[in-house]
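Peer 1: Below is the structure I would like to discuss, written out as structure tokens.
The values are calculated or read from the model by the stated rules, or taken from the named source; none is laboratory data. In this text the structure is predicted, and so the values were computed from the model without any measurement. Here the Cβ positions follow ideal geometry from the backbone for every residue, glycine too, while neighbour counts run over all protein chains shown.
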Amino acid sequence: MPSSQVVKDLLKQLDRDGSGTVSAKELLAALECDDIKEEQVKAFIKEIDKNGDGELNADELMDFFSSIGL
């Protein structure tokens, strides 16, 4: 599992508006892939978004990485 500092650093890189969370648009921009649609990213976020705000915070990212064995 990545350290909390690694996740915080990743969050800073993805969080373009400085909100402390990662939105679907921010994640989509970071992926730089034309084959992935915003609706797919929103569905992914919904799966791991524990507080239901539609964005990912550091704790949610940490839990996700833990759940996939990283």
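Peer 1: Please specify each residue of the stretch 11-32 satisfying the condition of being within 9 Å of the chain's Cα centre (by Cα) and part of a helix (DSSP H, G or I).
Peer 2: Scanning the stretch 11-32 gives 11, 14, 24, 26, 27.
Peer 1: Here's another thing I want to ask about it. Return yes or no: is residue 45 surrounded by 13 or more Cβ atoms within 10 Å (Cβ to Cβ) and assigned to a loop (DSSP other than H, G, I, E, B)?
Peer 2: No; evaluated as a whole, the condition is false for this residue.
Peer 1: With the structure loaded, tell me whether residue 35 is part of a loop (DSSP other than H, G, I, E, B), loosely packed, with under 12 Cβ neighbours inside 10 Å, at pLDDT below 95 and of a type outside the set (A, V, I, L, M, F, W, C) or whether it fails that test.
Peer 2: So residue 35 fits the description; yes.
Peer 1: State which residue pairs qualify: first residue over 12 Å from residue 61 (Cα atoms) and without any contact (Cβ under 8 Å) to a residue 60 or more places away in the chain and inside the stretch 14-29, second residue basic (Lys, Arg) and in a helix (DSSP H, G or I) in any location, beta carbons under 6 Å apart, and separation of 6 or more residues or different chains.
Peer 2: 24/42
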